[in-house]
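The structure under discussion appears below in the form of structure tokens.
The values are calculated or read from the model by the stated rules, or taken from the named source; none is laboratory data. All of these numbers come straight from a predicted model, not from anything done at the bench. Methodologically, a virtual Cβ is constructed for each residue, glycine included, from the backbone with ideal geometry; neighbour enumeration extends over all protein chains shown.
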Amino acid sequence: MWSGQFWRMIRIELRWTRMCCFTGGMVISMDWLRGRGWLGGLLVLCVGVTGCQAQVPPGSGAVEAVKPVPAAAPVGQQASESQAGAATGVQFDYYLLNLSWSPEFCVTHPTGQQCKEKRAFIVHGLWPENNDGTYPQHCADRQGPSKPAEWADVMPDEGLVKHEWETHGTCTVYSGDAYFALLRKAYGQVKIPASILPQGQETMMTPAAILAEFAKENPTFPEGSFALSCGNNRLTAIEACMSKDLQPIACKGIRSCRANVVKITPQ
């Protein structure tokens, strides 16, 4: 019979371990009379079956449970998804279209592929977003667009195409080519006001004035559909919020530039 003193040494470790939620098991950490040399360290037991993972504190000497490998989809299902370019994606609320002001980027990256063409706005990305300000990233390991160079009219850097697909595109239900077709369509819906484009020299405008020009040029966009990004009081990007079917909507959870005035680097 174990003594009451022994049982008082047993505790359920909630700070360093995770409950085995998939099986109803429990991760238990027992410090067997620490300091008296019995077993000499931390013993971690997992009561349950596969699917439980213990999160072991660094330097504890305990062995972390191996994370189970997800079961592969049946071969027929894999082929079907490949042919249709479909995926389950993840839950999110809307898209954020980020239009990067290329001249500002090229000040610090003059050898970038997009800088050779002296573009104005280019598409940085079409990002899944949530109303609470959170966003999914790196959701799956899937094949990207078949020919990245085909999207150079909206995203003239193949490295950026690859990055945007892996970081954001994989969170959608679309194949690589279908995702960038959606991105191109979203870009085509935003009209750039000529009034904000510098004519050969640096200009200065308030963020409110710039956003007002975008609202004026895009009357079908509801109030609050555009946001402005800045860095060191310089324009870096304009962002537009759209529903999953690319209807313009008011942004939620997006912070716009709060500078009094921003400088606009000329092309």
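Quick notes on this structure:
- Across the stretch 87-108, the qualifying residues are those that are among the small types (Gly, Ala, Ser) and in contact with a Cys (Cβ under 8 Å, 6 or more places away or on another chain), and the one among them that is surrounded by the fewest Cβ atoms within 10 Å (Cβ to Cβ) is Gly89.
- Some residue of the stretch 121-139 being hydrophobic (A, V, I, L, M, F, W, C) and more than 22 Å from Met242 (Cβ to Cβ): no
- Taking the stretch 102-159 as the range and being farther than 14 Å from Gly176 by Cα and either outside the structural domain of Arg184 (by TED's automatic domain parsing) or among the charged types (D, E, K, R) (or both) as the test, the residues that pass are Glu104, Lys116, Glu117, Lys118, Arg119, Glu129, Asp132, Asp153, Asp157.
- Residue match in the stretch 184-207 (condition: surrounded by fewer than 19 Cβ atoms within 10 Å (Cβ to Cβ), part of a loop (DSSP other than H, G, I, E, B) and of a type in the set (Asp, Glu)): yes
Yes/no matrix, rows are residues, columns are (1) among the hydrophobic types (A, V, I, L, M, F, W, C); (2) in the same structural domain as Ala120 (by TED's automatic domain parsing); (3) over 21 Å from Asn131 (Cα atoms):
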| position | (1), (2), (3) |
| --- | --- |
| Gly200 | no, yes, yes |
| Thr203 | no, yes, yes |
| Ala209 | yes, yes, yes |
| Ala215 | yes, yes, yes |
| Pro219 | no, yes, yes |
| Gly224 | no, yes, no |
| Ala227 | yes, yes, no |
| Asn232 | no, yes, yes |
